[in-house]
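Each reported figure results from applying straightforward, stated rules to the coordinates on display, with no laboratory input. Please read these numbers as outputs of a predicted model, since none were measured by experiment. Because the Cβ atoms are built from the backbone with ideal geometry, glycine has one as well, and the counts that use them run over all protein chains shown.
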Amino acid sequence: GAVVSQHPSWVICKSGTSVKIECRSLDFQATTMFWYRQFPKQSLMLMATSNEGSKATYEQGVEKDKFLINHASLTLSTLTVTSAHPEDSSFYICSASDRAGANVLTFGAGSRLTVL
Amino acid sequence: KQEVTQIPAALSVPEGENLVLNCSFTDSAIYNLQWFRQDPGKGLTSLLLIQSSQREQTSGRLNASLDKSSGRSTLYIAASQPGDSATYLCAVPSYNNNDMRFGAGTRLTVKP
């Protein structure tokens with residue numbers, strides 16, 4: 001079945017630094033990937049929709065200059081948290097569909113970011 | 001905008017009990033509904049996917065039902081075990097974007 005891989009699975013960084021999280025579709029091509037954020041004991045909230053070869057679409061309230069998304073190929077999307085602050089500490093999960101319009105997403109294992 | 005609600009937020013039961021988790025959604029025009037399991041600090045494990053044309057799906061001790069017209073789904077867990085302890089999330093596709101909208105989850109604890 002479809003597999004989505006995220007890296008790193010966890011990262012600790014100092015306040016003010018930037019962190020990049022990768023999301024790869026291992027055995028399929030994904031024109032669209034989705035990035036979610038999950039704060040402790042809360043549900044997943046969609047941050048942005050990553051479109052291969054074009055700009056990402058951000059949900060209301062998500063700063064596009066802070067959360068940079070690049071989807072340069074059909075198998076890779078990256079999320080860069082720029083100038084990270086402690087309030088950015090969260091669990092970030094990406095997902096992708098292996099079939100256009102299938103409305104079934106495969107999720108990565110998530111990346112836990114801790115900003116000191 | 002699709003809103004997903006899960007009740008109860010938390011549930012604690014003794015081992016062996018049968019239990020029901022509830023999920024409701026505001027927009028009944030869904031393609032499918034999916035139930036996930038999430039262990040603490042981990043990603044999502046897909047449990048059951050119900051297509052809009054189906055009324056229920058079963059996998060082992062799990063049974064999920066879907067009533068589109070009333071905007072409800074239930075996840076039934078039979079003969080619960082301590083290993084079932086986790087957070088259970090239901091999710092439906094967003095109508096216009098292909099992403100998924102999640103409920104806040106039910107945190108289940110099964111006591112030995």
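Below, the figures for the structure above:
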| item | result |
| --- | --- |
| Per-pair calculated FRET efficiency, R0 = 35 Å: A:F39 and B:T58 via Cβ, rounded to 0.05 | 0.60 |
| Approximate shape of chain B as ellipsoid semi-axes (Cα gyration tensor, √5λ), whole Å, largest first | 24, 14, 12 |
| Projected area, mean over directions - region A:1-82, Cα convex hull, nm² | 6.0 |
| Cβ charges +1 (Lys, Arg) and -1 (Asp, Glu), total dipole of region A:1-110, debye | 100 |
| Dipole magnitude of the protein assembly as shown, debye to nearest 20 (Cβ charges: Lys/Arg +1, Asp/Glu -1, about Cα centre) | 160 |
| Packing rank of A:104-112, B:49-57, where each peptide gets the mean count of other beta carbons within 10 Å, highest leading | A:104-112, B:49-57 |
| Efficiency of FRET between A:T114 and A:Q29 - r from beta-carbon atoms, R0 35 angstrom, step 0.05 | 0.60 |
| Virtual spin-label span in nm between A:T80 and A:H7, 7 Å along Cα→Cβ | 1.8 |
| Pairs of alpha carbons in region A:39-116 whose separation is greater than 19 Å (percent) | 39 |
| Virtual spin-label span in nm between B:N22 and A:D65, 7 Å along Cα→Cβ | 4.6 |
| Surrounding net charge for B:S94, when Lys and Arg each add one and Asp and Glu each subtract one, Cβ distance under 12 Å | -2 |
| Quotient of Cα Rg and 2.2 N^0.38 Å for region B:56-112, N being how many residues it contains | 1.31 |
